[in-house]
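The values are calculated or read from the model by the stated rules, or taken from the named source; none is laboratory data. A quick note: this is a predicted structure, and the numbers were derived from the prediction, not measured. Note: ideal-geometry Cβ built from the backbone for every residue, glycine included; neighbour counts use all protein chains shown.
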Amino acid sequence: MDKIKRGQHKESFLNGILKENPLLVQILGLCPALAVTKSLETAFGMGLLFTFVLVSSNVIVSLLRKLIPEEIKTPCYIVVIATFVTIVKMFAEAFLPELYSSLGVFLSLLVVNCIVLGRSEAFAGQNGVFDSFLDGCGNGIGYTWAISLMGIIREVLGLGTLTIGKVFNFFGDPLVLPILKSTTLDSNGNPLYDFSISIFQNPAGAFIVLGLMLATMAAITNHKKAVEKAKEKAAKEAAKAELAAKAALAGGAK
Amino acid sequence: MEMIVSFILAIVSYMLIDNVVLSRFYGICSFIGVGNKVKSAFSMGLAVTFVIMMATLVCYPLYFYVLVPAGIPFLDTLVYILVIASLVQIVGLFIKKTSPSLYKTLGIYLPLITTNCAVLGVVQTNSDSQLDFLTSLANGLGTSIGFLVVIVLFACMRERMNGYNIPKAMKGVPIALIVAALMAMAFMGFGGMVG
Amino acid sequence: MNKYLKVSLTLATIASGSALLIGLMNLATVNPIKTNKENKIKDGISALCPGYHLQSQITFVDTKEGEKYYKPEYDGNKYPHLKNAYRLTLPQWQVTFSTPEKEKTKYVYSTTGKNAYGQVDLLVLVAGGEVEKLLVVTNTESYGPTLEDNYINKYNNGYLTDLADVKCGATYGAKTVKEQCDDALAHWTAFYADKEGI
């Protein structure tokens, strides 16, 4: 599909981050984006594991692309992806047990993630190893920042606090930032202030946040397009005016 | 008698309370992608129902009577996805031979189902939570009927929405997600129905 | 024919290669996973009753016939939900004349149970003839937090006075929690109640 020419390494990396962001622009991989974004840390952890699966399956698919016959392309890709997903699952269960239990079945469901399979089919199956590696990194980072942002929004609005260091608990006690809900209690045992809206922790809140994020992205893209169009129009008009002025000058000279 | 009651209760709770799309978030891609026409949504729902039931029936004995005794339960995901992919292929070929008219309605959706998380999700939760056979069946049945109901309802709403004047940025997927959010809120009302 | 052979050979090679890789990874992670699970129980016990020392442990063993027996006296399948019991005591220097009898020794039961959505494993702290506190170890239900927020935390904080079979969201969770607690209480009453003077 989109074969990369030599000397375009930078683009294959940068495309995935913003211009062709897998979640916000291509609108793929919605299931984990909705399911694991209750808190910033689970979302970020999911993003990291996702990036690892994407990069390694991209590299392997790209290495094997000349050996795999055309008819069994998809099954082979699925097997490769399933291997890395299982490896990541075991790694998470052994070394990040908190993350493993909060991601649950969605770690296994990375096997049928549209982004991973889509990048294998559309990019890694046609391009070299280095480009596929860069493409995997770019798309992974793009997806990670998008779902982390969603995680921040849902955690702050839904729980009122932002917890750092609970899932990745390598540095002692977790840090809890009181943003919309106070962490100190008054004499009755209630928090001093609490402006959190618990619907954002529920499935309905996930749909709302993702819908509004996609709409914002679409609005930005539309605005950019409109500005570009206006610029083009202005440039055309300026050129026309210049021509007219030249013609007038020429006419005046006569 | 008690078994039948608990079977039916489990189906109802998997179908409505813990709905596959609106609270478990499986199969969102096909939900958003196919759910804009009632007819295609219905066909997709039927195809998913069929594949989920087949996959449950095949994968349950495979896990509990082959993988676990052999000491390799960690290969489950790999085996499941291969089983589902080949099942979808076989079912497609079978339908094509026996009933071309059914193939016309279901056929184009079959390849999409391999990558539908609902199928793998059901099979994986069955073995992850060590459910027994009857509950696994209830999970499969409830999940697939829930998917069918929700995707058809959703498609009806999106068809009605075609004529309305929606802000430009909200058109397409964003407004569909907002509609899904409203549906999810409505389905939250079922919570606590089965105690 | 040649083509099919090539196709199936490629697929078989890739599949066996991946199975090998996964098997190797399993060898590397099987021990950390085991210690993780043990640590979770240990941490849970020390979170339930801080300051206490582990005195002894009873294991309710699963035999191959699906029956359970445990060390003190064989009792068939009477307590199907129990896995382990831990006897915890206050350190000797902390025991004073004013320490009530039930504070001196506490029992934590590690229990397991199933509902329609999955498995719930608990640590049940029994002291003085009542369930004092509960802690969820594993919970493979999809509505996990609902169970803890609506039931377990309320019970621990004293908002629920008894372990009634309440409806909490869309789960059967309360039922299995109740069964596990009942088993733990029944075992405690049968074997330790007279020792504690109740």
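So, in the range B:151-177, how many residues would count as being crowded, with 20+ Cβ neighbours inside 10 Å and within 12 Å of another protein chain (Cβ to nearest Cβ)?
Residues flagged as crowded, with 20+ Cβ neighbours inside 10 Å and within 12 Å of another protein chain (Cβ to nearest Cβ) within the range B:151-177 amount to 4.
When you scan the range C:1-93 for strands (runs of 3 or more DSSP E) that lie fully inside it, which ones turn up with 2 or more residues that are modelled with pLDDT under 75 and not assigned by TED's automatic domain parsing to the domain that holds residue C:133? Step through it out loud before you land on a result.
Numbers: elements: C:53-62, C:68-70, C:82-89.
Per the criteria, no element qualifies.
Looking for something surrounded by fewer than 24 Cβ atoms within 10 Å (Cβ to Cβ), in contact with a Cys (Cβ under 7 Å, 6 or more places away or on another chain) and either within 13 Å of another protein chain (Cβ to nearest Cβ) or over 15 Å from residue B:51 (Cβ atoms) (or both) - is there at least one such residue anywhere in the range B:91-101?
No, the range B:91-101 contains no residue that is surrounded by fewer than 24 Cβ atoms within 10 Å (Cβ to Cβ), in contact with a Cys (Cβ under 7 Å, 6 or more places away or on another chain) and either within 13 Å of another protein chain (Cβ to nearest Cβ) or over 15 Å from residue B:51 (Cβ atoms) (or both).
Run residue B:118 past the list (1) touching a residue at least 12 places away in the same chain (Cβ under 8 Å); (2) surrounded by fewer than 22 Cβ atoms within 10 Å (Cβ to Cβ); (3) within 14 Å of chain A (Cβ to nearest Cβ) and report the number of the one that doesn't hold.
Going through (1) touching a residue at least 12 places away in the same chain (Cβ under 8 Å); (2) surrounded by fewer than 22 Cβ atoms within 10 Å (Cβ to Cβ); (3) within 14 Å of chain A (Cβ to nearest Cβ) one by one, residue B:118 breaks only (2).
Only one of these is away from chain C (no Cβ under 14 Å) and either of a type in the set (Phe, Trp, Tyr) or closer than 30 Å to residue A:79 by Cβ (or both): B:108, B:145. Name it.
Matching residue, one of B:108, B:145: B:108.
How many residues are away from chain C (no Cβ under 14 Å) and of a type in the set (A, V, I, L, M) if we restrict to the range B:7-49?
The number of residues fulfilling the criteria is 9.
In the list A:19, A:89, A:66, A:38, which residue meets the criterion of being at negative phi, buried (at least 21 other Cβ atoms within 10 Å of the Cβ) and free of Cβ contacts under 8 Å to residues at least 24 places away in the same chain?
Exactly one of A:19, A:89, A:66, A:38 is at negative phi, buried (at least 21 other Cβ atoms within 10 Å of the Cβ) and free of Cβ contacts under 8 Å to residues at least 24 places away in the same chain, namely A:89.
For the range C:154-161, state whether one or more residues are modelled with pLDDT under 70 and either crowded, with 21+ Cβ neighbours inside 10 Å or among the aliphatic types (A, V, I, L, M) (or both).
yes
If I go through the range C:101-127 residue by residue, how many of them are at pLDDT 75 or above and outside any strand (DSSP E or B)?
2
Please work out if residue A:151 is assigned to a helix (DSSP H, G or I), within 14 Å of another protein chain (Cβ to nearest Cβ) and touching a helix residue (DSSP H, G or I) at 6+ places or on another chain (Cβ under 7 Å).
No: the conditions fail for residue A:151.
Within the range A:160-183, is even one residue more than 27 Å from residue A:42 (Cα to Cα) and either outside any loop (DSSP other than H, G, I, E, B) or more than 14 Å from chain B (Cβ to nearest Cβ) (or both)?
No, the range A:160-183 contains no residue that is more than 27 Å from residue A:42 (Cα to Cα) and either outside any loop (DSSP other than H, G, I, E, B) or more than 14 Å from chain B (Cβ to nearest Cβ) (or both).
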